[in-house]
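*Asks:* Here it is, the structure in full.
The values are calculated or read from the model by the stated rules, or taken from the named source; none is laboratory data. Predicted model only: the values in this text are computed from it and were never measured. Virtual Cβ from ideal backbone geometry, glycine too; neighbours counted across all protein chains shown. Remember, those area values only see protein heavy atoms, side chains included, never the ligands or the DNA or RNA. Shrake-Rupley method; radii C 1.70, N 1.55, O 1.52, S 1.80 Å.
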Amino acid sequence: MNPAPENTADLTALLADLSRWPDVQAPNLFASDAADRLILDTAAASLASTGWPASVAIVGDHYGALTLGALALGSTTVRVHSDSLTARRAIEANLRRLLPERAEQVRFLPLADVADQSATILLALPRGLDVLDEQLAAITATCSPETRVFAGGRIKHMSRSMNEVLASRFSRVDVSLARQKARVLTATGPLPEQPASSFPATAAHQVNGTGFTLHAGAATFGAARLDPGTRLLLEHLPDLSAHATLVDLACGNGSIGIYCALTHPQLQVIASDHSASAVASTLAAARLNSVADRITAAQDDALSRLPDASATLITLNPPFHIGNTVTADIAFKLIDDAARVLAPGGALLCVFNSHLRYRGELSRRVGPTSQLARDKTFTVTSSIKAA
């Protein structure tokens, strides 16, 4: 155990110096917030009698506030699970820039392995209750009886249901006082008998007479459900017979690539997503639908693995939020990279919430854009890459 520093000015400066790069950067987007600092402070106060632990596990760190914070407080081994490749790259970049001599003390691990050997776990609360339960199920499967989970978030994104999810797996849940509109839930005493997890989940779907099955973890966008915007896109696909390859950007549960592989036997599908859960879900669905020989999937930050002007067809159902922050910036980042990868004359098929009015941006960033379909919520467009 290592004593926490009495003067926290260095920790404050460290958190303030964090960068979001390579994620989207904007004046209203920050690399750390009050919840990150409250998680660290609450854990340090709770562990004051024994000292800050040498080994800490971290789940859901966004840009390194918890990871670098744990190092600054005295940990010598930090085990990190981040579902997002972009978040991992941001944490690594901040380590190299701010604590280069400590970078080798950080290990990135799958969710199933992160809690092992660490009795102190710092957790940035996710958006969804299902994701939280999936995380806790993995933690309690390997953690020790002495494990303490310090789970924090901004109050506006928290609910009493989060307390109930924690209470279903731990004998005690303490709620901190609010500070700067953030709060921490401290869970102790993992229950000897744990409820079964609902994930990964499996669901069957049908579009235009073609049936397919999705199999996904909770951290995958939509889990095993078929997103209504994606359904509208699939129902109004143009003729794809001239294409040999489909690039499915931000593939989520793989529904677009799976359906297109089933309905167009000539297609090879290259799927990518920043989420490890999404990639695993896409590959699992490909196996279930007997198209694994024609679908590859990999974690990527947009399409960084693909060269310029290398694709003739890209599909995209872009997110409209980064974490809990609603912003169009992430969609524009993906659209810009799709434009880079498209060859002249290539097509970007995109679906988005109609109120976001992306059509003008698609025309400006990619090329001439036409509407393929529209309902009360979503719009489907085709943008042709200008020469």
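*Asks:* Residues that are open to solvent by 50 Å² or more (accessible area, probe 1.4 Å), on the phi < 0 side of the Ramachandran plot and not hydroxyl-bearing (Ser, Thr, Tyr): list the helices (runs of 4 or more DSSP H) wholly contained in region 1-117 that include at least 2 such residues.
*Replies:* On the way: elements: 9-16, 34-46, 65-73, 85-98, 111-114.
Fully inside region 1-117 and qualifying: 9-16, 85-98, 111-114.
*Asks:* Could you tell me whether Leu132 is within 18 Å of the chain's Cα centre (by Cα) and closer than 19 Å to Leu191 by Cα?
*Replies:* Values: within 18 Å of the chain's Cα centre (by Cα): yes; closer than 19 Å to Leu191 by Cα: yes.
Here the answer is yes, as Leu132 does meet what is asked.
*Asks:* When region 354-372 is examined, which residues are found to be within 19 Å of Asp248 (Cα to Cα) and in a strand (DSSP E or B)?
*Replies:* Correct list: Thr369, Leu372.
*Asks:* Take the residues in region 321-349 that are under 20 Å from the mean Cα position of the chain (by Cα) and open to solvent by less than 10 Å² (accessible area, probe 1.4 Å), then tell me which one is modelled with the lowest pLDDT.
*Replies:* Across region 321-349, the extreme among qualifying residues is Ala331.
*Asks:* May I pose another question? What residue, of Ser255, Ser310, Ser272, Ser304, is touching a Phe, Trp or Tyr at 6+ places or on another chain (Cβ under 8 Å) and among the hydroxyl-bearing types (Ser, Thr, Tyr)? Walk me through how you get there before you give the answer.
*Replies:* On the way: Ser310 fails: touching a Phe, Trp or Tyr at 6+ places or on another chain (Cβ under 8 Å); Ser272 fails: touching a Phe, Trp or Tyr at 6+ places or on another chain (Cβ under 8 Å); Ser304 fails: touching a Phe, Trp or Tyr at 6+ places or on another chain (Cβ under 8 Å).
When all the criteria are applied, what remains is Ser255.
*Asks:* Quick check on my filter: what residues within region 53-76 are farther than 19 Å from Ala138 by Cβ and among the hydroxyl-bearing types (Ser, Thr, Tyr)?
*Replies:* Answer for region 53-76, where residues must be farther than 19 Å from Ala138 by Cβ and among the hydroxyl-bearing types (Ser, Thr, Tyr): Tyr63, Ser75, Thr76.
*Asks:* Tell me, yes or no, whether region 192-203 has at least one residue that is open to solvent by less than 60 Å² (accessible area, probe 1.4 Å), closer than 16 Å to Val165 by Cα, assigned to a loop (DSSP other than H, G, I, E, B) and among the aliphatic types (A, V, I, L, M).
*Replies:* No, that holds for no residue.
*Asks:* Can you tell me which residues in region 231-241 are closer than 20 Å to Ile270 by Cα and either open to solvent by 10 Å² or more (accessible area, probe 1.4 Å) or in contact with a strand residue (DSSP E or B) (Cβ under 6 Å, 6 or more places away or on another chain) (or both)? Show your work before the answer.
*Replies:* Taking region 231-241 and keeping what is closer than 20 Å to Ile270 by Cα, we get 231, 233-234, 237-241.
Selection gives Arg231, Leu233, Leu234, Leu237, Pro238, Asp239, Ser241.
*Asks:* Something else about it: Residues to consider are Ala298, Ala309, Ala244, Ala284; find the one that is touching a Pro at 6+ places or on another chain (Cβ under 8 Å), of a type outside the set (Lys, Arg) and surrounded by fewer than 19 Cβ atoms within 10 Å (Cβ to Cβ). Outline the logic, then answer.
*Replies:* Details: Ala298 fails: touching a Pro at 6+ places or on another chain (Cβ under 8 Å); Ala244 fails: touching a Pro at 6+ places or on another chain (Cβ under 8 Å); Ala284 fails: surrounded by fewer than 19 Cβ atoms within 10 Å (Cβ to Cβ).
Testing whether each residue is touching a Pro at 6+ places or on another chain (Cβ under 8 Å), of a type outside the set (Lys, Arg) and surrounded by fewer than 19 Cβ atoms within 10 Å (Cβ to Cβ) leaves just Ala309.
*Asks:* Would you tally the residues in region 289-306 being farther than 14 Å from Tyr259 by Cβ and in contact (Cβ under 8 Å) with a residue 12 or more places away in the chain? Let's see the steps before the verdict.
*Replies:* We begin by selecting, within region 289-306, every residue farther than 14 Å from Tyr259 by Cβ; these are 292-293, 296-306.
After this cut, where a residue has to be in contact (Cβ under 8 Å) with a residue 12 or more places away in the chain as well, the list is 296-306.
Qualifying residue count for the region: 11.
*Asks:* Quick one: in region 213-230, which of the residues that are in a loop (DSSP other than H, G, I, E, B) and touching a His at 6+ places or on another chain (Cβ under 8 Å) is most open to solvent (accessible area, probe 1.4 Å)? Working first, answer last.
*Replies:* Within region 213-230, the subset in a loop (DSSP other than H, G, I, E, B) is 217-227.
With the extra rule that they be touching a His at 6+ places or on another chain (Cβ under 8 Å), the set shrinks to 224, 226.
Working: Ala224: 6, Leu226: 23 Å².
Within region 213-230, the match that is most open to solvent (accessible area, probe 1.4 Å) is Leu226.
*Asks:* Scanning region 161-191 for residues that are over 26 Å from Ser32 (Cβ atoms) and part of a helix (DSSP H, G or I), which turns out most open to solvent (accessible area, probe 1.4 Å)? Please lay out each step first, then the result.
*Replies:* Step one: of region 161-191, the residues over 26 Å from Ser32 (Cβ atoms) are 164, 167-172, 189-191.
When the remaining residues are screened for being part of a helix (DSSP H, G or I), the result is 164, 167.
Details: Glu164: 119, Ala167: 52 Å².
The qualifying residue most open to solvent (accessible area, probe 1.4 Å) is Glu164.
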